[in-house]
Amino acid sequence: MSKFRKGGKKDVPGVNTSALPDIVFMLLFFFMVATTMKEVDMLVEIEIPEGSSVTDITSLKQLNEVDFLYIGKPLEGGDRDVIQLDGELTISVLRVAKWKLEKVQSKERDIQYIVTSMKIDEGVRMGLVSSVKESLRDINALKICYAAKQKINN
């Protein structure tokens, strides 16, 4: 028969931390995959209009094939519509073509393969939008998309 000890002092077992590095790296990997980077700091006020036929361009954004252009009223006040090109504000439509050509040269791709996404406030005059489109057409940047929210049908 076996002998049982009564009242002996028992040691507390140590905490097993062998799985801790795995958990930390899983969390790190999750946040690296799930986090999106901010495109630019918004300098213009934009209320995106609703559209009836909306297509997602996320796959193009991941390939770095989209340049974003914003048109609206400046956040710092003012009643004149301005164009935001990356971190700079301009009222010159000719500056849009120069900006686009600089972006294309930095990507080392042909201009006809890179999309220009225009995020435009609802209240912007259509004449300004048409002028920007013509400026892009002059440099053969023909792939243009407009940002819109999906229209909710009741």
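The values are calculated or read from the model by the stated rules, or taken from the named source; none is laboratory data. None of the values given here were measured: they were computed from a predicted structure. Here Cβ is always computed from backbone atoms with ideal geometry, including for glycine, and neighbour counts include all displayed protein chains.
The residues of segment 82-114 that are closer than 26 Å to Val124 by Cα and among the small types (Gly, Ala, Ser), listed by number, are Gly87, Ser92, Ala97.
I need the full set of residues from segment 34-55 which are among the β-branched types (Val, Ile, Thr) and surrounded by 10 or more Cβ atoms within 10 Å (Cβ to Cβ), in order please.
Initial filter on segment 34-55 (among the β-branched types (Val, Ile, Thr)): 35-36, 40, 44, 46, 48, 54-55.
Answer for segment 34-55, where residues must be among the β-branched types (Val, Ile, Thr) and surrounded by 10 or more Cβ atoms within 10 Å (Cβ to Cβ): Val40, Val44, Ile46, Ile48, Val54.
Test Tyr70 against the criterion of being modelled with pLDDT under 90, under 21 Å from Pro49 (Cβ atoms) and surrounded by 12 or more Cβ atoms within 10 Å (Cβ to Cβ), and give yes or no.
For Tyr70, the condition - modelled with pLDDT under 90, under 21 Å from Pro49 (Cβ atoms) and surrounded by 12 or more Cβ atoms within 10 Å (Cβ to Cβ) - is not met.
Among the residues of segment 92-147, those identified as among the aromatic types (Phe, Trp, Tyr) and surrounded by fewer than 16 Cβ atoms within 10 Å (Cβ to Cβ) are Tyr113, Tyr146. Residue pairs whose Cβ atoms lie under 7 Å apart, sitting 6 or more positions apart in sequence or on different chains, and linking a residue in segment 80-103 that is basic (Lys, Arg) to a partner that is modelled with pLDDT of 90 or more and assigned to a strand (DSSP E or B), are Arg95/Leu85; Lys100/Thr116. For the residues Val124, Val132, the requirement of being of a type outside the set (Lys, Arg) and in contact with a helix residue (DSSP H, G or I) (Cβ under 6 Å, 6 or more places away or on another chain) singles out Val132. Residues of segment 124-154 that are touching a strand residue (DSSP E or B) at 6+ places or on another chain (Cβ under 9 Å) and over 16 Å from Leu69 (Cα atoms): Lys149, Gln150, Lys151, Ile152.
Among the residues here, Val54 qualifies as modelled with pLDDT under 90, touching a Lys or Arg at 6+ places or on another chain (Cβ under 8 Å) and not charged (D, E, K, R). For segment 67-147, the strands (runs of 3 or more DSSP E) that sit wholly inside it and include 2 or more residues that are aliphatic (A, V, I, L, M) and either farther than 23 Å from Asp41 by Cβ or out of contact with any Lys or Arg (no Cβ under 8 Å at 6 or more places or on another chain) (or both) are 115-120.
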